[in-house]
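Below you'll find the structure, written out as structure tokens, and then a few comments.
The values are calculated or read from the model by the stated rules, or taken from the named source; none is laboratory data. Everything numeric in this text was worked out from a predicted model, so none of it was measured. Here the Cβ positions follow ideal geometry from the backbone for every residue, glycine too, while neighbour counts run over all protein chains shown. In case anyone asks, the SASA skips ligands and DNA or RNA and just uses the protein heavy atoms, side chains included. Shrake-Rupley method; radii C 1.70, N 1.55, O 1.52, S 1.80 Å.
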Amino acid sequence: MINRLRTQYWYVGLQQKAQLATAYQLEKHFEPQDKTKDGIPLPAKNKWSKYQAGKHKPGAALIALVDAKAPGSARDINHPLWEVLRLGNQVLPKIDNWLEKLEPQVQAIVYRSAKDGGISVAKRRQPYSSSVSRRLLKLVSLDTLTALVLYWRESKQQGDHVHNRWLAQDIYRMLLMMGRNFLSRRIGEELYVVFVAQIFCQTDWGDRRFLVNSVHYLWAIELLNTALYQVPALKPFASWANRRRAMYLLLQGQYGFDVPLGLGVVLAPNWRYGPPTEQQWKTWQSDFMEWQWGWIHLCQETKSSYGEDWLWKALEKEIQSGR
């Protein structure tokens with residue numbers, strides 16, 4: 001699955017850069033056909049249709065050849081994220097080796113210099129914190145997503161359930177912000193399924209369980225991108241830097257609570273150990289109502305006022321009658 005996704009991510013990226021529609025055209029562009037002594041082109045090898053379907057991962061020599069014509073494409077297919085996802089917990093003994101493969105901008109967030117008598121002697125990895133989280137979420141890239149996954153695996157191993165849950169939510173936000181990119185590379189839904197299996201369903205949510213399926217996720221991506229029209233002052237469509245800043249601020253609640261609540265992780269009561277207590281049920285109903293309130297406003301593109309508008313009161317009434 002991972003090799004298929006990374007190959008398709010690479011292939012579609014090349015299509016977009018070269019502006020070529022078919023596998024045959026890409027093959028002719030990146031691997032000109034050999035010719036006979038008479039100058040007649042030999043038949044195409046038809047390898048690229050397999051890359052298009054993700055059935056065969058290109059070898060190192062071809063990746064290097066293509067990267068010479070399309071700089072950066074090798075990083076697409078050889079990005080550390082794919083191996084981190086493929087190897088799972090096997091990355092834990094060498095987590096710093098993986099983090100050091102990420103771009104310098106991310107390493108500057110993850111590491112700080114340890115000093116001995118005012119002299120910088122070594123790099124020391126920072127533990128996960130809200131500060132590290134904010135800085136990673138502001139960048140929005142495959143590198144920052146990889147860093148979050150590595151932090152998540154470490155917290156899972158250490159049994160730090162609080163940080164593990166926060167990291168899972170950060171990863172979900174990152175997937176929302178990167179969603180359009182993954183969809184344009186035609187791997188959005190399948191990649192999300194991988195994250196559900198590897199991350200979200202493996203997170204200890206306490207007395208809750210993860211409830212966001214791929215249909216909900218794809219819809220949430222569109223709602224987040226529609227919400228960008230609410231922040232014209234940030235010029236969100238002027239550049240990728242503006243776009244990611246606008247998405248980050250929306251998800252942080254800087255322009256109202258409808259986005260962070262409506263596009264947050266949805267959890268359901270966990271019935272594994274029997275029915276929830278009355279207090280657990282009330283708490284879940286309250287949280288679920290907040291999500292409904294944000295989600296409905298985003299779907300209807302209506303203005304909202306947390307805790308006091310017509311929708312809030314209608315949902316409260318519905319809960320009270322249900323009790």
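Relative to the dominant Cα principal axis of the chain, helix 240-251 is inclined by about 20°.
Find the accessible area per residue for the chain; the probe is 1.4 Å, ligands and nucleic acids are left out, and the unit is Å². I get 52 Å² per residue for this part. Expressed as a whole percent, the accessible surface of region 80-217 that belongs to carbon and sulfur atoms is 47, based on a 1.4 Å probe. Build a GNM of the chain with springs between Cα atoms under 10 Å apart, and of Ile171, Ile95, Ile199 the one that fluctuates most is Ile95. Loop-located chymotrypsin sites (Phe, Trp or Tyr not before Pro) in region 222-309 (DSSP state other than H, G, I, E, B) with a sparse environment of at most 11 neighbouring Cβ atoms within 10 Å: Trp271, Tyr273. Applying 1/(1 + (r/R0)^6) with R0 = 22 Å to the Cβ-Cβ distance of Glu83 and Glu31 gives a FRET efficiency near 0.30. Over all other residues within a Cβ to Cβ distance under 14 Å of Leu191, the charged ones net out to +3, with Lys and Arg as +1 and Asp and Glu as -1. With helices as the sole contributors, the chain gives -18000 deg cm²/dmol at 222 nm; each DSSP H run of n ≥ 4 counts as -39500 (n - 2.57), and the sum is divided by every residue. In the chain, the longest principal axis of the Cα atoms and the axis of helix 161-177 are about 60 degrees apart. Exceedance of the 31 Å cut-off in Cα-Cα distance is limited, within the set Lys17/Lys94; Lys17/Lys138; Lys50/Lys138; Lys235/Lys303; Lys101/Lys156; Lys50/Lys235, to Lys17/Lys94; Lys50/Lys138; Lys50/Lys235. The loop-placed GluC sites (Glu not before Pro) in region 272-323, going by DSSP, that have at most 10 neighbouring Cβ atoms within 10 Å of their Cβ come out as Glu308.
Accessible surface of Lys235, taken over heavy atoms with a 1.4 Å probe and every protein chain present, rounds to 130 Å². For the chain, the calculated P(r) over all alpha carbon pairs, in 10 Å bins from 0 to the bin holding the longest distance, is 5, 21, 28, 23, 13, 6, 2, 1, 0 percent. Computed extension gain for Ala268 through Ala233, at 0.36 nm per residue and net of the alpha carbon distance, reaches 8.9 nm. For the chain, the longest principal axis of the Cα atoms and the long axis of helix 188-198 meet at an angle of about 60 degrees. For the Cα trace of region 251-323, dividing Rg by the Kirkwood Rh returns an Rg/Rh value of 1.01. Shape annotation for region 76-192: C-alpha extents along the principal axes are 52, 29, 26 Å, from largest to smallest.
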